[in-house]
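This report concerns only the one structure given below.
Every read-out reported here was derived from the displayed coordinates using simple, explicitly stated rules and does not represent laboratory data. Source: prediction; values computed, not measured. Don't worry about glycine lacking a Cβ; one is built from the backbone with ideal geometry, like all the others, and counts go over all protein chains shown.
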Amino acid sequence: MSVQERPSRASTRKLKELLHKSENRICADCCAPDPKWASSTIGVFICIKCCGVHRSLGTHISKVLSLTLDDWSEEEMSLWLRWWKLLRQFNL
């Protein structure tokens with residue numbers, strides 16, 4: 001991944017801040033505590049169990065990334081944040 005494709009430190013920091021919000025401390029699908037994964041195409045935090053389900057859907061529906069193991073591109077980070085903000089507007 002080139003330097004320009006990597007997310008900015010501000011974006012990475014924002015993602016970590018969002019993870020610490022009370023509504024994000026549980027899996028968006030099954031409510032399991034302490035999610036370590038996210039769907040960059042849907043804008044939600046998910047647990048390891050639901051991560052497998054999302055991966056089986058295909059990346060065209062849900063692209064799953066680890067919050068700690070994967071290097072998120074700037075595009076993935078931007079897409080995730082846009083979806084996350086949209087979902088919050090509708091209280092989903």
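Which of rounded, prolate or oblate describes region 39-92 when judged by the alpha-carbon gyration tensor and an a/c cut-off of 1.5? Oblate. Normalised by the number of residues in the chain, the mean separation of alpha-carbon contacts (under 8 Å, six or more apart) gives a relative contact order of 30 percent.
Taking 16 Å as the straight-line reach from the Cα of residue 63, the aspartates and glutamates in range (excluding those fewer than 8 positions away in the same chain) are 29, 71, 74, 75, 76.
Between beta-carbons, use under 13 Å as the cut-off and find the net charge around residue 48, counting Lys and Arg +1, Asp and Glu -1.
Numbers: positive: 36, 49, 55; negative: 29, 34.
Residues close to residue 48 contribute a combined charge of +1.
In summary, the lysines within cross-link reach of residue 21, defined as a Cα separation below 16 angstrom excluding same-chain residues under 8 places away, comprise 36, 85.
Could you give the Stokes-Einstein D for the chain in µm² per second, using the C-alpha Kirkwood radius, 20 °C, 1.002 mPa s? D = 163 µm²/s.
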